[in-house]
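**Student:** Quick one: this structure, given as structure tokens, is what I'll be asking you about.
The values are calculated or read from the model by the stated rules, or taken from the named source; none is laboratory data. Because the structure is a prediction, the values reported are computed rather than measured. Glycine gets a Cβ as well: all are built from the backbone with ideal geometry, and neighbour counts include every protein chain shown.
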Ligand code: KG4
Ligand code: ZN
């Protein structure tokens, strides 16, 4: 079964084709990072307009790559196309090979979600394909079970889902621990009460003048820093609580930066990084990253003891973080499955992979009833 996935929840326009829920036939991501970098964060209006421009070329490219057997070797299988791509060459009609369309219905930026959902609805009607409405956060987990189509990367039994499965999903908008009993059958055990882990990375990177997106910038600076240089607090929300909170940590880093800069609490945060040395910035990045990683892994350890999973999946954009990947593998006594970094950040392959299970469970949605839901809960 070949499912076309469509993803536009934030600032990546993505389409992919996945066979039988696991084999990556194509994975096209048009990143808008360059468009938003100048603003230091994602501008919703700019994101939505860019999705409109590239959506159809991205879908066409995903179909062509999947079915003309073009295997792209760039960046581990991801085809990056410039956000300005508008050309739309006539392509053979591959629609006969598509069994269904899975699209991110939420959560995310409303304007961005609208472009993906309207595109998927229209294609579902016009190409007469079943449509599946996918939760973006849940989909992140399914990136862990993907493998590419090359014979050398056939999946091992260890890379297939084994239930009960504990998932830590950490992205720019979410930090969740969920217990999966089977496909489409899960309970959220814990979540952030304020900022998501990725959001904290992005905001601290901005404070330290390290650029956007913040996660990779902090990780790079941290490599040159001393993680013991500063001691930041880990939020304690109760011995058994599996919830997270990162707002106190953010404030603690801000206060430390103000102190190092020799300025009081009224100093605008965007001016502070000019007063820091490069070594101070690296040390702050390393100490902050260590605190986030320890906090995330501490809670997962508690969840692991309580629920005895057969497997752990680490997913979402922050799962690309090497320190987090290493620390989780080091501390939990259960096999840990983590997608390669290019499948941790937003992509449509994870949406198509989850769509496969919706198709198997016959959970299609009437295209007329599909709505973009920016606060869709897991
Ligand atoms: O899953 P994702 O691509 O989008 C959302 O669903 O939000 O996650 C994006 C987040 C951003 O906050 C970004 O800074 C963070 O993932 N991120 C990282 C790394 N790469 C991306 N955080 C820490 N370390 C990284 N290497
Ligand atoms: Zn995401």
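**Student:** Return only the number of the condition from (1) away from ligand 2 (no atom under 16 Å from the Cβ); (2) closer than 16 Å to residue 296 by Cα that residue 316 does not satisfy.
**Tutor:** (1)
**Student:** Check 323, 306 and return the single one that is out of contact with any helix residue (DSSP H, G or I) (no Cβ under 9 Å at 6 or more places or on another chain), part of a helix (DSSP H, G or I) and surrounded by fewer than 23 Cβ atoms within 10 Å (Cβ to Cβ).
**Tutor:** Working: 323 fails: out of contact with any helix residue (DSSP H, G or I) (no Cβ under 9 Å at 6 or more places or on another chain).
Among 323, 306, only 306 is out of contact with any helix residue (DSSP H, G or I) (no Cβ under 9 Å at 6 or more places or on another chain), part of a helix (DSSP H, G or I) and surrounded by fewer than 23 Cβ atoms within 10 Å (Cβ to Cβ).
**Student:** Moving on to the next point. Residues of the range 120-145 being part of a helix (DSSP H, G or I) and under 21 Å from the mean Cα position of the chain (by Cα), which ones?
**Tutor:** Filtering the range 120-145 for residues part of a helix (DSSP H, G or I) gives 120-127, 136-145.
Answer for the range 120-145, where residues must be part of a helix (DSSP H, G or I) and under 21 Å from the mean Cα position of the chain (by Cα): 120, 136, 137, 138, 139, 140, 141, 142, 143, 144, 145.
**Student:** Taking residue 176 as the residue in question, decide whether it is assigned to a strand (DSSP E or B) and closer than 20 Å to residue 347 by Cβ.
**Tutor:** Details: assigned to a strand (DSSP E or B): yes; closer than 20 Å to residue 347 by Cβ: yes.
It is true that residue 176 is assigned to a strand (DSSP E or B) and closer than 20 Å to residue 347 by Cβ.
**Student:** Shifting gears a bit: Search the range 326-356 for residues being in contact (Cβ under 8 Å) with a residue 12 or more places away in the chain, surrounded by fewer than 20 Cβ atoms within 10 Å (Cβ to Cβ) and part of a helix (DSSP H, G or I), and hand back the single one that is farthest from ligand 2 (Cβ to nearest atom).
**Tutor:** For the range 326-356, the residue satisfying everything is 331.
**Student:** Here's another thing I want to ask about it. Select, from 291, 295, the only residue that is over 26 Å from residue 165 (Cβ atoms), modelled with pLDDT of 95 or more, surrounded by 21 or more Cβ atoms within 10 Å (Cβ to Cβ) and within 21 Å of the chain's Cα centre (by Cα). Break it down stepwise before answering.
**Tutor:** Working: 295 fails: over 26 Å from residue 165 (Cβ atoms).
Residue meeting the stated conditions: 291.
**Student:** Going through 131, 146 one at a time, which residue ends up being surrounded by 18 or more Cβ atoms within 10 Å (Cβ to Cβ), touching a helix residue (DSSP H, G or I) at 6+ places or on another chain (Cβ under 6 Å), within 19 Å of residue 361 (Cα to Cα) and touching a residue at least 12 places away in the same chain (Cβ under 8 Å)?
**Tutor:** On the way: 146 fails: within 19 Å of residue 361 (Cα to Cα).
Criteria check complete, one pass: 131.
**Student:** Could you name every one of the strands (runs of 3 or more DSSP E) located completely within the range 2-99 that has at least 1 residues being at pLDDT below 95?
**Tutor:** Details: elements: 2-7, 12-19, 23-31.
Passing ranges, in order: 12-19, 23-31.
**Student:** So, residue 161, is that one in contact with a helix residue (DSSP H, G or I) (Cβ under 9 Å, 6 or more places away or on another chain) and within 21 Å of residue 346 (Cα to Cα) or not? Can you show your working first?
**Tutor:** On the way: in contact with a helix residue (DSSP H, G or I) (Cβ under 9 Å, 6 or more places away or on another chain): yes; within 21 Å of residue 346 (Cα to Cα): yes.
Answer is yes for this residue.
Here's the yes/no breakdown for (1) under 14 Å from residue 289 (Cα atoms); (2) out of contact with any strand residue (DSSP E or B) (no Cβ under 6 Å at 6 or more places or on another chain); (3) modelled with pLDDT under 95; (4) surrounded by 18 or more Cβ atoms within 10 Å (Cβ to Cβ):
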site: 201; (1), (2), (3), (4): yes, yes, no, yes
site: 211; (1), (2), (3), (4): no, yes, yes, no
site: 220; (1), (2), (3), (4): yes, yes, no, no
site: 232; (1), (2), (3), (4): yes, yes, no, yes
site: 237; (1), (2), (3), (4): no, yes, yes, no
site: 243; (1), (2), (3), (4): no, no, no, no
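**Student:** Given the condition over 17 Å from residue 359 (Cα atoms), modelled with pLDDT under 95 and touching a helix residue (DSSP H, G or I) at 6+ places or on another chain (Cβ under 7 Å), answer yes or no: does some residue in the range 103-119 qualify?
**Tutor:** Residues of the range 103-119 over 17 Å from residue 359 (Cα atoms): 106-119.
Next, only the ones that are modelled with pLDDT under 95 stay: none.
Checking the range 103-119: not a single residue is over 17 Å from residue 359 (Cα atoms), modelled with pLDDT under 95 and touching a helix residue (DSSP H, G or I) at 6+ places or on another chain (Cβ under 7 Å).
**Student:** Any idea how many residues of the range 357-375 are over 20 Å from residue 110 (Cα atoms) and within 16 Å of ligand 2 (Cβ to nearest atom)?
**Tutor:** The number of residues fulfilling the criteria is 0.
**Student:** Let me ask you something else. Conditions first: (1) touching a helix residue (DSSP H, G or I) at 6+ places or on another chain (Cβ under 6 Å); (2) assigned to a helix (DSSP H, G or I); (3) touching a residue at least 60 places away in the same chain (Cβ under 8 Å). Residue 206 passes all but one, so which condition is the exception?
**Tutor:** Among (1) touching a helix residue (DSSP H, G or I) at 6+ places or on another chain (Cβ under 6 Å); (2) assigned to a helix (DSSP H, G or I); (3) touching a residue at least 60 places away in the same chain (Cβ under 8 Å), residue 206 violates only (1).
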